[in-house]
Amino acid sequence: MPKTAAATTITRKKLIDLLNGDLAREYQAIIAYVNYSQVLKGAAYMNIADELAVHATEELAHALAVANHIDYLGGMPTVIPKPVKTSEKAEEMLRFDLENEKETIREYRRRVKQCDELNEFALSESIREILMQEQDHLIALATALGIDPPNPGIAD
Ligand SMILES: [Fe+2]
Ligand SMILES: [Fe+2]
């Protein structure tokens with residue numbers, strides 16, 4: 001039989017693995033925002049530095065929610081973050097964050113559909129709430145960089 005979309009249908013096991021990828025990305029975001037909020041220098045960046053400290057606490061709340069969902073599905077939440085890039089340059093830090101937020105949004109958009117496909121409507125609802133905050137993070141970073149918020153699209 002030819003490979004069709006049905007052949008790649010989501011399973012609970014696959015969802016656990018994908019959520020663990022999301023959790024590793026949330027840890028990465030916590031670490032990046034803790035570091036960048038303190039390292040960011042320059043009068044032009046002081047507002048955004050304060051905002052990055054707020055993002056750090058929001059990413060922690062996301063990590064707790066995602067870990068809770070993984071446990072609910074019978075999986076083991078990962079303890080390993082995705083790697084974090086560092087920089088001395090304010091603009092570079094903001095661009096790293098922007099790229100990470102784009103990736104996070106792309107993935108969560110797909111996760112909402114996958115949770116719905118498994119009839120896990122409460123999980124998709126929770127991820128929608130996280131998504132709203134990630135989109136706010138994206139807007140804050142784009143504004144600080146003086147660009148329009150990019151459309152991240154959706155993961156495969
Ligand atoms: Fe997050
Ligand atoms: Fe975020």
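The values are calculated or read from the model by the stated rules, or taken from the named source; none is laboratory data. Remember, predicted model here, so these are calculated numbers, not experimental data. Quick reminder, even Gly has a Cβ in these numbers, built from the backbone with ideal geometry, and neighbours come from all protein chains shown. Calculation scope for accessible area: heavy atoms of the full protein, side chains included, ligands and nucleic acids excluded. Shrake-Rupley method; radii C 1.70, N 1.55, O 1.52, S 1.80 Å.
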Any hit, the range 75-98, residues being in contact with a Pro (Cβ under 9 Å, 6 or more places away or on another chain), at pLDDT 95 or above and in a helix (DSSP H, G or I): yes
One residue from GLN135, GLN114 being of a type in the set (S, T, N, Q), surrounded by fewer than 20 Cβ atoms within 10 Å (Cβ to Cβ) and assigned to a helix (DSSP H, G or I): GLN135
Residue match in the range 96-105 (condition: within 16 Å of ligand 1 (Cβ to nearest atom), more than 26 Å from ASP50 (Cα to Cα) and crowded, with 18+ Cβ neighbours inside 10 Å): no
Number of the condition not met by LYS82 [criteria: (1) within 16 Å of ligand 2 (Cβ to nearest atom); (2) buried (at least 16 other Cβ atoms within 10 Å of the Cβ); (3) more than 28 Å from LYS14 (Cβ to Cβ)]: (3)
Selection count where residues are under 16 Å from the mean Cα position of the chain (by Cα), open to solvent by 20 Å² or more (accessible area, probe 1.4 Å) and among the polar types (S, T, N, Q), scope the range 117-132: 1
The listed residue being closer than 30 Å to GLY42 by Cα, open to solvent by 20 Å² or more (accessible area, probe 1.4 Å) and not β-branched (Val, Ile, Thr), out of GLY74, GLY146: GLY146
